[in-house]
Structures are given as C-alpha cells and as structure tokens.
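Below is one structure; the comments refer to it alone.
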Amino acid sequence: MPLPIVHSYAGYSIYRLSRKDRDRGSWGGIILAVLLANLADFDFFPGIFVGEMGRFHRGITHSLGAAILCGAFIGLIAHLSKRGSFLKNFTLASAAYLSHIVLAFFSEAGSHMPIFWPLSSTMIRTPVTLFIREGEFLHQSGSFSTFLASFFSWGCLRVLLFEMSVVFLVGSIVKAAVEIRRRLRVKEAAAVASVEA
C-alpha cells in the first residue's frame, strides 16, 4: 500500500488541477482534499478494538461506491453551506477519494478489494503491482503497537524513500508541463495582440 505521503500528494494534485492557473485555492480546500485522499485507510481504526489492525482493511471503504457516497456527502454539504455547486464539489471530492482506491488497487498483487461495491461484493485482485508490497514491512495482523512499530522499520523507510522519489519526479514533470502551458498561453496572447495592433 502506498504510504500517506503518496495518497496526500495525489489529493493535493487533484485539488491543484481543479484550480485555474493563477488560483492557488485555500488551505482549507487543500487539507480537505488531502484528508479525502487518505480517508479510505481510516478502516484501520476499528481493528484497534479487536487487536488486529488489518481485519477491516480494504473492505467497502476501498470501493467506487464509497468514493461516490463520500463525494455526494461533500457536495451536499458544500451546496447547503453555499460554498460552490454540488457537481463541482462532488466531482473534486470523489476524485480525491478515488485516487486512494486506484493507488491501493495497484499496490499489492495479492490483495483483494470490493471495487464495485455496492453493486457487487466480489473481491477483485490487481494483476499488476506498481508499489512495494505492504506485506514487506507493515504488520497488519498484530496489535496497534505492533502495527505502529512497523512504520518505524527499515522496510518502511525504504518504501518512504521510494515513494518520495516518485512524488518528486512526478511533481517535477507536472510543474514543467504547467510552466510550458503557461508560456504557450503568453505567446499566443502576445501573437493575438500584435495581429490586432
């Protein structure tokens, strides 16, 4: 499973892509997008009470249905509080939540997720692994203290460094693409202005 750093970056990226070129948005919007991109993993918390952190992990919280329900809830709250249209907020919230599902789905080939819940409870398994397997460092079958201690292992550090490298690389590519797009728009505007003059 990707660590929260990659999920957070995915949520942040979705938020930034939803803004206009010069509009950086608000801290509240960024925090909400980052929270939504990590929300599916809150299914670890019920495991604290049964002494097995991973018992409920990758259940219905890791499904398209959960992403749509979350998006609908955020869209409704935003609409009722007059903070934008239902559709815009629904789309942004669903996309941020869905980013978690996509990253988690491609993180471990042996893991199953009910992707199409509530239409189907069939557990789907990815044929391709894009991230380092969580089983290599994360102890989900133990208690909360064992689970927490696994985050301070060498295996977790290795995953963290790998994921930070991926984030840096993707971030650099996106930043360069945005800058190229901005420069092209400036050139187009200058060309139009010179033709009109």
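No value in this document is a laboratory result; all are computed from the given coordinates. This is a predicted model, so every value here is computed, not measured.
Dividing the Cα radius of gyration of the chain by 2.2 N^0.38 Å, with N the residue count, gives 1.21. Using equal-weight Cα scatterers in the Debye expression, the normalised intensity of segment 152-197 in log10 at q = 0.22, 0.26, 0.29, 0.30 Å⁻¹ is -0.76, -0.85, -0.92, -0.94. Helix 86-105 axis versus longest C-alpha principal axis of the chain: approximately 50°, rounded to the nearest ten. Rounded to the nearest 500 deg cm²/dmol, what is the calculated helix-only ellipticity per residue at 222 nm for the chain, with -39500 (n - 2.57) per DSSP H run of length n ≥ 4? Value at 222 nm, helices only: -20000 deg cm²/dmol.
For segment 1-95, the orientation-averaged shadow of the C-alpha convex hull comes to 6.8 nm² (one quarter of the hull surface).
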